[in-house]
Number of protein chains: 2
Amino acid sequence: MSTRILWIFLLVFQLSILQAQETSKNNLQLMPWPQQVELNSSDFAITNEFNVFIHGEVKKDSRIFKATTRFLRYATDKSGVFLKEGFPNAKNIDPETASVQIRFEEVSEVKLGIDESYSVHVDASGIQITAKTDVGAMHGLSTLLQLLSVKDGSYVFSGVKIKDEPRFVWRGLMMDVGRHFMPVDVVKRNIDAMAFVKLNVFHWHLSDDQGFRVEIKTLPKLIELASDGQYYTQAQIKDVVAYAGDRGIRVVPEFDVPGHGSAFLTAYPELASKKGIEYTLERNAGIFDPTLDPTIEKTYEFMDTLFKEVAPLFPDVYFHIGGDENEGKHWDENPDIQQFMKANDLKDNHALQTYFNIKLEKILSKYGKVLMGWEEIMTENMPKTALIHSWRGVNEGLEPGQSLVEAVKNGYKTILSNGYYIDLLLSVEDHYLVDPMPSVDLTEEEASRILGGEATMWSELVTPLTVDSRIWPRSVAIAERFWSAKEVRDIDSMFERLNTISQSLELMGIQHKKTPEYIFRNIANYQDTHALRTLSELSEPFKIYSRNAGGTEYQTYSPFALFADACTADAKAVRPFRKAVKAYVANKDTNSKEIIQHYLGAWSSLSEDLLTIAPKAPLTAPILPYAKRVSEISNLMIKGIESGKLTKSQFDTISSLLETKEDPSLNLDVELAVSKELLELATYLAK
Amino acid sequence: MSTRILWIFLLVFQLSILQAQETSKNNLQLMPWPQQVELNSSDFAITNEFNVFIHGEVKKDSRIFKATTRFLRYATDKSGVFLKEGFPNAKNIDPETASVQIRFEEVSEVKLGIDESYSVHVDASGIQITAKTDVGAMHGLSTLLQLLSVKDGSYVFSGVKIKDEPRFVWRGLMMDVGRHFMPVDVVKRNIDAMAFVKLNVFHWHLSDDQGFRVEIKTLPKLIELASDGQYYTQAQIKDVVAYAGDRGIRVVPEFDVPGHGSAFLTAYPELASKKGIEYTLERNAGIFDPTLDPTIEKTYEFMDTLFKEVAPLFPDVYFHIGGDENEGKHWDENPDIQQFMKANDLKDNHALQTYFNIKLEKILSKYGKVLMGWEEIMTENMPKTALIHSWRGVNEGLEPGQSLVEAVKNGYKTILSNGYYIDLLLSVEDHYLVDPMPSVDLTEEEASRILGGEATMWSELVTPLTVDSRIWPRSVAIAERFWSAKEVRDIDSMFERLNTISQSLELMGIQHKKTPEYIFRNIANYQDTHALRTLSELSEPFKIYSRNAGGTEYQTYSPFALFADACTADAKAVRPFRKAVKAYVANKDTNSKEIIQHYLGAWSSLSEDLLTIAPKAPLTAPILPYAKRVSEISNLMIKGIESGKLTKSQFDTISSLLETKEDPSLNLDVELAVSKELLELATYLAK
């Protein structure tokens, strides 16, 4: 039967993945990896008798009660078990014999540096979660959920003794809702996922050249003129902050000034450094000139009004003022500003920006806030209370994280984002190996100033539809970097565990697996999507800002449901195919050969398969030449691997198909992610 | 290649669907079908020059501006076109030559009976949308989005002249957030889908025995004790009401009293008809005894407090007080109540409930509201201003919609929900053919009192995960019933158009296609899902409340990510398989035979395929016996159809496998939806 063949085909396709699972049968699929893990062979089975008791005084609207209830729903949905008691501490639960017993000493504030430690002890007799704070206990619940796995055909909590605490106190995810607005539900489900992997700071980038995103009652034009109607009401802000707090997550708002100012100036042009031009919301991506005028009192009155109104919305003490990428072109052009600088002995634009920042620092301090900003805010006169957000590196012609070292040596607290720019669409491997603690010598005090780091989800090319698949699962590995011991850096183990945790993210509503399938359906105009899916598994979206290179190919309102938007970093086929090629080239073994043949077989028919749906699916048109090329290469390679060799002419054809400057994938903003492996194999076969 | 075979396999699988598409090549995929449609052959192609101008005075925060912007995003995502202008009325758009020109006379209130008519005229020279009100113009935009389709390999708006207006003024969807709470984002995306198919009333069932779902500041215990922390803040309520209003949709709240009262009485037991028992939130499904005491003044003080606080949250004049399924057991048992009835000459419980309703009517009227309630509120003394919501029928031992006729004859306005209970999980066909206008003789005046109807999404077995797939796409057909001419009732046409509109619902974020795939991944523990998907395509969840028959198999916190939750009414394979069987039995033609063989081929390997993933996927265990049975039947049928006949013993085996009382699908709460067709085929082959 043809289904049988389909089945065998799919099975072999999964071979390498299954093998990877085999090798780690006894490994726990935990992420971030805890500080101390002691395995025992005494698992706790989940049955309908499973229940949870939280010791101490526990109200139903308390954080721990709600977190435990969520835990029960997740565990139920995952395992399919029908619980007799769906809530913790239900009347029929005996505190002393409950399956899970949770104990903690105090309800913690949600602020920097709280005690997040916990321990989890699972054996066949029961499960104990112990922590100093309720936030620690909630981390214990996240770990426990990850321990729920299949052993011998049923769901159990793996027997284990875990003692755990974070390495860094600041473990953040930044979401840019300026370039593309992200509605409340998108934010909330990402906060759920953050909690699951023990990230504890949601950094909310709330303004940029493309839009201002918070209702400000005293400055109504910000919304009227500079939001396209896409903004959060203050009620929504409070709702999100409470939601995050319920998950032990701090919220740090960012209003980016004085650069990235197009939205501010679209609403209030009188604050601009360059007068007499019409400011509008930016529709392209890039670094733009509009900048607030730091020499006029009106600007500070405005900032005071803004901060006064938003400060109470965000209980956290830290407040991010951006401060990045202000190139000061309009300052140079404005004689009044030049005059002001001379009069105030401000020798360059950097000094002028410092003048601006210091004034903001005073305003913020009036409202109980500590200023933080991107690394450009760090100058001689900046108060040492300011927190420096290190972000620049190789792309900006600097040493990676250079400012981080400078900051701690200058007495500033700091966090690192260089290396964690997930919008670059690099392999998770690249981010995972970056450590917030630099390899230079630091005194203990200096080192203690490095609080942690943040993954940054800039949204030039990211919309509510695709943002989940851009953040996840890669940010799980970054979360591990921020939480786990420095020595936890085995790449294979990381990839294997990441694959499992990525699955559980669906429990939290993360759409990273659902969205690509939807995009394929849309491209295929609801015909068969199999060819598109297969093609995506060997294609990765352009990296390091080479998609939309000039910043003008895409506008904020361009379609972002294209083939590249369904592709992800770390395309699925790459690692298993690479492994097979390496093994084959080394040993010429049958197993690797079969895996390679099955991949090539699938790829060889892509072109034909796509052509079948093309007449009714116009969006496949730009994909066809790329699929054709992949199929041509695969067909030649099939001949090569069957006969054990490639002729010179076959090899030349393959390598020219791989190398051509008129690469048809370029029109798609994706790259063939197995090029290197194909070339390696071709080279081997042509020898 | 095995992929090639897979491909052929999938193609043939789609054959019948493609054939259906072929036959309607020239038909428009519109739903609800407009009142007047005149085709022309002059389509308007969408290119990057496509733009929209709204004539008249239009603010950026106006309803029409926002709706048009959404339209542009949907059209962009669907067609993949890169628009030069992503917003209507952008500076560079020439009002006179804009691709789409929108004209309307007035901005409408959102209330019952407004003018919703519109016309859309598309030809190669441009597109005109004209309406009396902005709400009408928005309907025009929804229609225009449906006109965007593929012709000759590119996306065009089909050339057409449409004049349209609704048949009924009340076209509702009720969502029960009492049994299972539905977060704001779930509500919002369903409101988007409602707007797309021109439904105009969101009926929000906000309380039931399982929970009270609105923050009431003057009655804080409702949330503290009776919501499980799952409720809407007042800010969220306002947000949803504004969101709906932006889409021309009225919001009618329902607080169900005096029955369905467990949540009320969990918070305020002093209002109970039976004292001295502990009230708790109901975890099961069913009709329960807890009932407010209508004989004490406290109850009315409470209702007054409640209504006073919620009335301003809901600008619509209609206010639903439930009033259904109060069996009055606790009234019978309470001597004080019996005494009160005697003293007030209330001869039975119905009279007592009327007494209660009339008092509520007065309170509501004080706050500017018109009372509506389920049909049980209709009694002799009920003021004629009340709106009667007709719901009972065959399941309740009554004539379908009997109360509707009684209501209009008694002078009440009414809407119909009997026939539109989508939680019954019946085929869309059943709902589609029910007309709000009964076939009995009514005077014109009586007929005019029938305002329309509502689809009702009761949520005993429905969660935020599955609710979209329970509402959609079936409610699109109900929307057509409420909007389109009575004569529009061709089943094949409906199914074909429904299939297309169901696709577009994904643009609005509806999860009906994504959720089943997620459930399969979860059941398969992230192994291959192909067998589960195939099995679901011939399985339908139990209908008419036979799932969870006693109301106690499932609790509110039970897992609802099971196989039955991924199955839907109108399982995908049923209609094409039925068509093939009918054709084969009639003509024994090769084409039908091949289609049947391909289905049977796919089904024959289901058991084996599932067994392969079973060891690592405990949730497949209950599915295996069902799959085994399907595969056994299919294998026998394959032999039969290949040889052209079945032996008596083969037939007996098949029919006993089809009929057995120990049907293993029963444990799954699904039924084999192609049983009848298989039996028909077997009978034919055994002749």
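The values are calculated or read from the model by the stated rules, or taken from the named source; none is laboratory data. On a predicted model such as this, the values are computed, not experimentally measured, just so you know. So basically every Cβ, Gly included, is an ideal-geometry build from the backbone, and we count neighbours across all protein chains shown. Ligands, DNA and RNA are excluded from the accessible area calculation, which covers all protein heavy atoms including side chains. Shrake-Rupley method; radii C 1.70, N 1.55, O 1.52, S 1.80 Å.
How long, wide and thick is the range A:230-270, going by the Cα atoms along their three principal axes, in whole angstroms, largest first?
40, 18, 14
Of A:Lys676, A:Lys274, which has the most accessible area and how do the rest follow, probe 1.4 Å?
Ranking A:Lys676, A:Lys274 by accessible area, largest first, yields A:Lys676, A:Lys274.
Indicate the helices, whole DSSP H runs only, in chain B that combine a mean Kyte-Doolittle hydropathy of -0.5 or more with a Cα extent along their long axis of 27 angstrom or more.
Long hydrophobic helices here: B:2-23, B:624-643.
What three numbers, in Å, describe the spread of the alpha carbons of the range A:130-185 along their principal axes, ordered from the longest?
In descending order, the Cα extents are 48, 32, 18 Å.
Going 7 Å from Cα along the Cα-Cβ axis for the label, what nanometre distances separate B:Asp123 from the same residue across the other copies?
8.5
What is the distance in Å between the Cα centroid of the range A:307-358 and that of the range B:288-345?
If we compute the Cα centre of each part, the gap is 62 Å.
Between B:Ser656 and B:His55, with labels modelled 7 Å along Cα→Cβ, what's the label distance in nm to one decimal, could you check?
7.6
When we measure straight from the Cα of A:Lys362, which lysines land under 21 angstrom away, once same-chain ones fewer than 8 places off are left out?
List returned: A:Lys298, A:Lys308, A:Lys384, A:Lys413.
Summed for both chains, how many Å² of accessible area, to the nearest 100, are buried between B and A with a 1.4 Å probe? Could the numbers behind the result be given before it?
Numbers: alone 28410 and 28410 Å², together 50050 Å².
What B and A bury together is about 6800 Å².
Would you work out the Kirkwood radius for the range A:572-687? I mean one over the mean of 1/r across all pairs of different Cα atoms, in Å.
When all Cα pairs of the range A:572-687 are included, the Kirkwood radius is 14.5 Å.
Restricting to Cα pairs below 8 Å that are 6+ residues apart, what does the relative contact order work out to for chain A? Please round to a whole percent.
Relative contact order for chain A comes out at 11 percent.
Kindly provide the helix-only [θ] at 222 nm of chain A, computed as the sum of -39,500 (n - 2.57) over DSSP H runs of four or more divided by all residues, to the nearest 500 deg cm²/dmol?
For chain A, the value works out to -12500 deg cm²/dmol.
Charges only on Cβ, +1 for Lys and Arg, -1 for Asp and Glu: so what's the dipole of the protein assembly as shown about the Cα centre, in debye to the nearest 20? Can you show the working numbers first?
On the way: 148 positive and 190 negative charges, 430 e Å.
Charge dipole of the protein assembly as shown: 2060 debye, to the nearest 20.
Using +1 at the C-beta of Lys and Arg and -1 at the C-beta of Asp and Glu, which of B:Tyr318, B:Phe196, B:Ala272 has the Cα lying farthest in the positive direction of the dipole of the range B:190-332?
B:Phe196
Shielding of B:233-239 by partners, i.e. mean partner chain Cβ atoms within 10 Å per residue?
Other-chain Cβ atoms within 10 Å of each residue's Cβ, averaged: 3.
For A:Lys579, what accessible area in Å² do you get when you roll a 1.4 Å probe over the heavy atoms of the protein chains, rounding to the nearest 10?
It works out to around 120 Å².
Can you pull out the GluC sites (Glu not before Pro) in the range B:340-386 whose DSSP state is coil and whose Cβ has at most 13 other Cβ atoms within 10 Å? Could you put the intermediate results ahead of the total?
Values: sites: B:Glu361, B:Glu375, B:Glu376, B:Glu380; in loops: B:Glu380.
Answer in residue order: B:Glu380.
Among rounded, prolate and oblate, which fits chain A when a ≥ b ≥ c are the square roots of the eigenvalues of its C-alpha gyration tensor, a/c under 1.5 means rounded, and a/b larger than b/c means prolate?
Here chain A falls in the oblate category.
For B:Gly550, place a label point 7 Å from Cα along the Cα-to-Cβ direction in every copy; what are the distances to the other copies, in nm, shortest first?
Taking the point 7 Å beyond Cα along Cα→Cβ, the inter-copy spacings are 7.2 nm.
Out of A:Asn381, A:Leu371, A:Gly401, whose Cα points farthest toward the positive end of the dipole of the range A:350-405 (charges: +1 Lys, Arg; -1 Asp, Glu; placed on Cβ)?
The Cα lying farthest towards the positive end belongs to A:Leu371.
Could you size up the charge dipole of the range A:501-564 around its Cα centre, putting +1 on the beta carbon of Lys and Arg and -1 on that of Asp and Glu, and report it in debye to the nearest 20?
80
Distance between the C-alpha centers of the range A:597-618 and the range A:85-121? Whole Å please.
When both Cα centres are located, 53 Å separates them.
How long is the range A:562-602 along each principal axis, judged by its Cα atoms, biggest number first, in Å?
39, 18, 10
Just want the answer: with Cβ charges of +1 for Lys and Arg and -1 for Asp and Glu, which residue in A:Gln597, A:Ser117, A:Val177 is farthest toward the dipole's positive end in chain A?
With unit charges placed on the Cβ atoms, the residue in question is A:Gln597.
Compute the FRET efficiency between B:Val440 and B:Lys308 as 1/(1 + (r/R0)^6), taking r as their Cβ-Cβ distance and R0 = 51 Å, and round to the nearest 0.05.
Values: r = 41 Å, r/R0 = 0.80.
Once the sixth-power term is evaluated, E becomes 0.80.
Suppose the chain between A:Ser546 and A:Lys91 were pulled fully straight at 0.36 nm per residue; how much longer would it get relative to their current alpha carbon spacing?
Full extension of this stretch gives 157.9 nm more.
Could you pull out every one of the aspartates and glutamates with an alpha carbon less than 18 Å from that of B:Lys593, ignoring same-chain neighbours closer than 8 positions?
B:Glu642, B:Glu677, B:Glu680
Using 1/(1 + (r/R0)^6) with R0 = 25 angstrom and r between the beta carbons of B:Lys359 and B:Gln339, what's the FRET efficiency to the nearest 0.05?
0.85
Distance between the C-alpha centers of the range A:514-562 and the range B:215-270? Whole Å please.
41
Assign one of three labels to the range A:20-120, namely rounded, prolate or oblate, based on the Cα gyration tensor with a ≥ b ≥ c the square roots of its eigenvalues; rounded applies when a/c is under 1.5, prolate when it is not and a/b is larger than b/c, and oblate otherwise.
It comes out oblate by the Cα gyration axes.
Stretch B:Lys84-B:Asn27 to full length: gain in nm at 0.36 nm per residue minus the Cα-Cα span? Each step should come with its number before you reach the end.
Numbers: separation 57, 0.36 × 57 = 20.52 nm, distance 3.09 nm.
Gain on extension, B:Lys84 to B:Asn27, equals 17.4 nm.
In debye, nearest 20, what is the charge dipole magnitude of the range B:14-154 about its Cα centre with +1 on Lys and Arg Cβ and -1 on Asp and Glu Cβ, if you could check?
Dipole about the Cα centre, nearest 20: 440 debye.
Would you mind classifying the range A:462-551 by shape? Square roots of the alpha carbon gyration tensor eigenvalues, ordered a ≥ b ≥ c; an a/c under 1.5 is rounded, otherwise it is prolate if a/b is larger than b/c and oblate if not.
Cα axes put the range A:462-551 in the prolate bin.
In a Debye calculation with equal point scatterers on the alpha-carbon sites of the protein assembly as shown and no solvent, what is log10 I(q)/I(0) at q = 0.09 Å⁻¹?
Debye output, listed in q order: -1.40.
Where the label is 7 Å out from Cα toward Cβ, how close does A:Lys275 come to the same position in every other copy, in nm, shortest first?
From this label point to the equivalent ones elsewhere in the assembly: 7.8 nm.
Give me the compactness ratio for the range A:293-349, meaning the Cα radius of gyration over 2.2 N^0.38 Å.
The range A:293-349 yields a ratio of 1.41.
So how far apart, in nm, are the two label points at A:Thr683 and A:Arg578 if each is 7 Å from Cα heading toward Cβ?
Going by the 7 Å Cα→Cβ label model, 1.5 nm.
Any idea what Rg and Dmax come out to for the range A:290-399 if you just take the C-alpha atoms, in Å?
14.4, 41
Going through the cross-link list A:Lys616/B:Lys66; A:Lys66/A:Lys161; A:Lys84/B:Lys221; A:Lys582/A:Lys687, which pairs have a Cα-Cα distance over 19 Å in this structure?
A:Lys616/B:Lys66; A:Lys66/A:Lys161; A:Lys84/B:Lys221
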